[in-house]
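I have placed the structure first, in the form of structure tokens, so that the comments after it can refer back to it.
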Protein chains: 2
Amino acid sequence: MLPDPYDHIPSSALRPLSGAVGDVVFHQGDPTHGLYVVQTGRVHLERVGPDGERFIIHRAQAGTSFAEASVFSEVYHCDAVCVEAGALIRIDKAAILAALVDPAFARAYGRQAAQQIQVQRQMLEIVGIRRAEGRVMAGLVAGLLEGSVIEFAARLQLSHEATYRALRELVKDGRVMNPSRGIYHLRP
Amino acid sequence: MLPDPYDHIPSSALRPLSGAVGDVVFHQGDPTHGLYVVQTGRVHLERVGPDGERFIIHRAQAGTSFAEASVFSEVYHCDAVCVEAGALIRIDKAAILAALVDPAFARAYGRQAAQQIQVQRQMLEIVGIRRAEGRVMAGLVAGLLEGSVIEFAARLQLSHEATYRALRELVKDGRVMNPSRGIYHLRP
DNA sequence: ATCGCAATATGATTTCAATCATATGTTGCC
DNA sequence: GGCAACATATGATTGAAATCATATTGCGAT
């Protein structure tokens, strides 16, 4: 039901919520209740700039959590806005802090966090590669091409056209196999 | 001495190491000993592609840790190569797992990890902004301009020239103040 | 004081990805 | 079977950032 470390939190600490488009889950400065898990829909975390512009800090998708750091702070430091209607579950921050006393939970939490940090570092390195060809190759090596090329392109922060072209170049250079339309994988 | 959650690990679990340029701290597939803290110098984490190309997964700088996820796995999944000579400290993975039993350590670890995840998510959003002007503005809002504009540009994955030009545009539009040469800050 | 070096700054040119356009293949559905 | 919707492709054009070039400023060392 809940993703990895949170599946052992007692259900008494969980509060299901539903969000319509535009609903504000919390405001910057609000006292923290805890973190949230997106079950369906999408939520944007935003900061407001000096001229009132909204800067997106994070896009939380179904199956992921957000505002984890709020467990360790007194107030939320950004706004959370529902951009696609869906269902959320709020997890009480006290329950997380209590669960961290359990070594099994602490270990699960640590493992999940360390792995997420590693994946994010790698993503930062990959999107930092300027040339589409190098970025696509790095993405392939990282195993980011699961599902459609369009999803792959979005992960790489590239247009799907540029991604298709880079894939073709890599195939032409013999660095990537294209056994059938839409199927690409590394030479083994 | 050691950064945030690791400063309470008993020194018996610490092993100081020195690395020269080109030294391999560990190889992909090696059994894990634990994570590392960079005290001085720089270390690259790399994966080897099918044609032997090296893909950088992460650049670890002085004052930061790397290979945290190795605490929870049996083998390293990438190479660690010293690219600037310096001193490292290896922290025994058993010591981390043992320390997680201590609720105070688990909480410190969780706080640090949650905050790092949040910062990295924000960085991914910022470098995903295509227009230099928007990226620079988002970087300013995020408080990334500490130190030189050159460092700021590197954080944003922009050339320093593009960063200077974007800053000038923002100043021209009145969105950024430039009280003196090299000093930029948001309008309050 | 002045020499050298790095940061700041900006102009000119080039490069490359985004965008726009268009076509074909694929899949699911009635 | 045929249609709609979408993924896969690729060509043409545009736009914006990288790169190259060149000053200028500021600072520390001598």
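Read-outs throughout are calculated quantities, based only on the coordinates presented, and are distinct from any laboratory measurement. Values in this document were obtained by computation on a predicted structure and should not be read as measured data. Ideal geometry is used to build each Cβ from the backbone, glycine not excepted, and the neighbour counts take in all protein chains shown.
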Within region B:1-28, the residues that are part of a loop (DSSP other than H, G, I, E, B) and of a type in the set (D, E, K, R) are B:ASP23
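B:ALA95 - would you say it is more than 12 Å from DNA strand C (Cβ to nearest atom) and surrounded by fewer than 15 Cβ atoms within 10 Å (Cβ to Cβ)? Before you say what the answer is, go through the steps one by one.
Numbers: more than 12 Å from DNA strand C (Cβ to nearest atom): yes; surrounded by fewer than 15 Cβ atoms within 10 Å (Cβ to Cβ): no.
Spelling it out, it is not the case that B:ALA95 is more than 12 Å from DNA strand C (Cβ to nearest atom) and surrounded by fewer than 15 Cβ atoms within 10 Å (Cβ to Cβ).
Each row is one residue, and each column tells you yes or no for (1) surrounded by fewer than 18 Cβ atoms within 10 Å (Cβ to Cβ); (2) within 14 Å of another protein chain (Cβ to nearest Cβ); (3) in contact with a strand residue (DSSP E or B) (Cβ under 9 Å, 6 or more places away or on another chain); (4) under 27 Å from A:HIS185 (Cα atoms).
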residue	(1), (2), (3), (4)
B:ASP7	yes, no, no, no
B:ARG15	yes, no, yes, no
B:VAL25	no, no, yes, no
B:LEU35	no, yes, yes, no
B:HIS44	no, yes, yes, yes
B:ILE56	no, yes, yes, yes
Residue count, region B:135-180, condition more than 12 Å from DNA strand D (Cβ to nearest atom) and at positive phi, comes to 3
Cβ pairs under 7 Å, 6+ apart or interchain, first in region B:90-103 and without any contact (Cβ under 8 Å) to a residue 40 or more places away in the chain, second crowded, with 19+ Cβ neighbours inside 10 Å, ordered by first then second residue, are B:LEU97/B:VAL71; B:LEU100/A:ALA106; B:LEU100/A:GLY110; B:LEU100/B:ALA106; B:LEU100/B:TYR109; B:PRO103/A:LEU100
Exercise for review: Answer with yes or no whether A:ALA132 is more than 9 Å from chain B (Cβ to nearest Cβ), more than 8 Å from DNA strand D (Cβ to nearest atom) and not acidic (Asp, Glu).
Suggested key: yes
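Report whether or not A:ALA104 is surrounded by fewer than 16 Cβ atoms within 10 Å (Cβ to Cβ), within 10 Å of another protein chain (Cβ to nearest Cβ) and in a helix (DSSP H, G or I).
Values: surrounded by fewer than 16 Cβ atoms within 10 Å (Cβ to Cβ): yes; within 10 Å of another protein chain (Cβ to nearest Cβ): yes; in a helix (DSSP H, G or I): yes.
When the stated conditions are applied, A:ALA104 passes them.
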Residue hits (region A:152-179; within 9 Å of DNA strand C (Cβ to nearest atom) and within 19 Å of the chain's Cα centre (by Cα)) are A:ALA153, A:LEU156, A:GLN157, A:LEU158
The correct count of residues that are closer than 25 Å to B:HIS8 by Cα and more than 7 Å from every other protein chain (Cβ to nearest Cβ) in region B:112-127 is 2
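Name the residue, out of A:ALA20, A:ALA67, A:ALA80, that is touching a residue at least 12 places away in the same chain (Cβ under 8 Å) and at positive phi. Show your work before the answer.
Details: A:ALA20 fails: at positive phi; A:ALA80 fails: at positive phi.
A:ALA67 is the lone residue from the list that is touching a residue at least 12 places away in the same chain (Cβ under 8 Å) and at positive phi.
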Of the residues in region A:125-151, those that are more than 15 Å from DNA strand C (Cβ to nearest atom), in contact with a His (Cβ under 8 Å, 6 or more places away or on another chain), among the hydrophobic types (A, V, I, L, M, F, W, C) and assigned to a helix (DSSP H, G or I) number 1
Conditions (1) within 14 Å of DNA strand D (Cβ to nearest atom); (2) surrounded by 17 or more Cβ atoms within 10 Å (Cβ to Cβ); (3) more than 9 Å from every other protein chain (Cβ to nearest Cβ); (4) under 29 Å from B:ALA132 (Cβ atoms) -> A:ALA80 fails only (1)
